[in-house]
Structures are given as structure tokens and as C-alpha cells.
1. Under the condition of being more than 14 Å from the chain's Cα centre (by Cα) and surrounded by fewer than 18 Cβ atoms within 10 Å (Cβ to Cβ), which residue from region 23-42 is farthest from Gln106 (Cα to Cα)?
2. Can you name every residue in region 119-130 that is crowded, with 20+ Cβ neighbours inside 10 Å and either touching a Lys or Arg at 6+ places or on another chain (Cβ under 9 Å) or among the polar types (S, T, N, Q) (or both)?
3. Kindly list, by first and then second residue, each pair from a residue in region 150-171 that is of a type in the set (D, E, K, R) to a residue that is in a loop (DSSP other than H, G, I, E, B), limited to pairs with Cβ atoms under 7 Å and residues at least 6 apart or on different chains.
4. Give the residues of region 147-179 that are among the β-branched types (Val, Ile, Thr) and out of contact with any Ser or Thr (no Cβ under 6 Å at 6 or more places or on another chain), sorted by residue number.
5. Could you go through region 65-88 and let me know if any residue there is touching a residue at least 24 places away in the same chain (Cβ under 8 Å) and over 15 Å from Met51 (Cα atoms).
6. Exactly one condition in (1) in contact with a Pro (Cβ under 7 Å, 6 or more places away or on another chain); (2) at pLDDT 95 or above is false for Gly52; which is it?
7. Among Leu125, Leu161, Leu133, which is the only one that is more than 18 Å from Thr55 (Cβ to Cβ) and aliphatic (A, V, I, L, M)?
8. Ser77: surrounded by 15 or more Cβ atoms within 10 Å (Cβ to Cβ), in contact with a helix residue (DSSP H, G or I) (Cβ under 9 Å, 6 or more places away or on another chain), farther than 22 Å from Tyr174 by Cβ and polar (S, T, N, Q), yes or no?
Amino acid sequence: MLKYNLIAAASQNRGIGKNNDLPWKLKKEMEYFNRMTTVTTSDSKKNVVIMGRKTWESFPPKYRPLPGRINFVMSRSDLDLKQYENVFAFKTWDEINEKLTNKEFQKLYEKIWIAGGSNIYKDALNSKFFYRLYLTEINKEYDCDTFFPEFSNVKTVSDPLVPKGIQEENGVTYEFKVYENEFYEE
């Protein structure tokens with residue numbers, strides 16, 4: 001069974017973005033995102049990172065595609081991403097899941113990460129494949145126009161790769177939390 005791991009950072013008002021950008025500059029938090037979505041236990045495999053078109057476009061061109069990962073970009077419109085290696089465009093979750101369950105493709109990846117935006121997170125949270133949410137809870141409100149969806153039916157769990165305790169950067173405190181879907185069945 002597929003396991004969707006969602007990863008996001010959200011302010012106290014659940015804000016995740018403003019004008020297709022992050023409303024904060026937290027370098028260590030970004031390093032955490034990169035490490036979590038890149039690290040695998042096998043050198044022969046990479047992780048898949050699923051994102052919407054706006055999230056893809058929010059990354060500066062020099063960081064597209066996300067290095068060391070297989071990038072899946074979902075959009076209702078046609079996207080020409082053929083110039084990129086390890087980047088695939090999809091229009092539906094069914095197309096994505098078909099690719100992820102392909103026996104040959106499964107040999108190439110280890111984990112599935114969902115990296116936004118808001119509608120992608122909402123769909124993933126409501127999916128039977130939703131396994132864990134890695135949420136950086138930022139202890140400050142920011143002016144945002146994009147928000148992380150409400151979620152429930154989760155329990156707090158630990159992950160040895162996730163730093164514990166309050167983090168502080170640029171005068172802002174935040175904490176890395178891991179929530180697991182109470183109804184996920186292997």
C-alpha cells in the first residue's frame with residue numbers, strides 16, 4: 001500500500017504561503033525539508049516529491065527540479081517538463097498512483113513526500129494513502145493567502161530523523177511535529 005508523507009511548515013494561523021512564496025526566511029527549517037525529502041536508506045533509490053504547479057513554480061529556477069529527488073508535478077493544465085530529468089507531470093491522483101504502483105518504477109523510489117500546495121495537501125489528507133504529516137509548527141502569525149487544511153484523526157508520534165524540542169531562528173521559534181493517521185492500514 002502507498003504511504004503518503006506530507007511535509008509542511010505552517011504559522012499559528014495555519015498560513016503556508018503569501019504571493020506564491022514562503023512568508024518567512026528560516027534557513028534551518030528549509031534544510032530540514034531538504035534533508036527529510038532527500039535522505040534514503042538505499043543509495044540506489046530516491047524519494048518522490050509530489051507538488052502542485054504553483055509550488056513547483058515557487059521554487060527558484062536554479063532549484064528546479066528539487067535535486068536528488070524524483071519530482072511529480074500535478075496540474076490541470078498541460079505542462080512541458082521534458083527538459084528536466086526525474087520530473088513527471090500529472091493531471092490526476094489516479095495517474096500519480098498508477099505510476100507509484102508500477103512494479104518497475106517502485107524499484108526507483110523509497111518514500112513519497114507531498115510538498116503542497118493547499119489543495120494537494122487537502123487531497124492527500126483525505127486519501128486512504130495518507131500515512132504521516134511532518135508539520136513544522138511556527139510560533140508566530142504571518143500574513144498569508146494560502147493555508148494548510150484542517151486535519152483530524154491523527155496521533156503524535158516520533159521519528160528518529162526529526163529533531164526534538166523548540167527550535168529558534170531569526171527570533172522565531174518553531175517545533176517539528178510528526179502526526180500519524182489513526183486510520184492508516186498497511
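The values are calculated or read from the model by the stated rules, or taken from the named source; none is laboratory data. All figures in this text were calculated on a predicted structure; none of them were measured in a lab. Backbone-built Cβ (ideal geometry, glycine too); neighbour counts: all protein chains shown.
1. Residue satisfying both the conditions and the ranking: Lys25.
2. Of everything in region 119-130, just one residue is crowded, with 20+ Cβ neighbours inside 10 Å and either touching a Lys or Arg at 6+ places or on another chain (Cβ under 9 Å) or among the polar types (S, T, N, Q) (or both), namely Phe130.
3. Within 7 Å, the pairs are Lys155/Glu182; Glu169/Leu26.
4. Of everything in region 147-179, those that are among the β-branched types (Val, Ile, Thr) and out of contact with any Ser or Thr (no Cβ under 6 Å at 6 or more places or on another chain) turn out to be Val154, Thr156, Val157, Val162, Val172, Thr173, Val178.
5. yes
6. Condition (1) is where Gly52 drops out.
7. Leu161
8. No: the conditions fail for Ser77.
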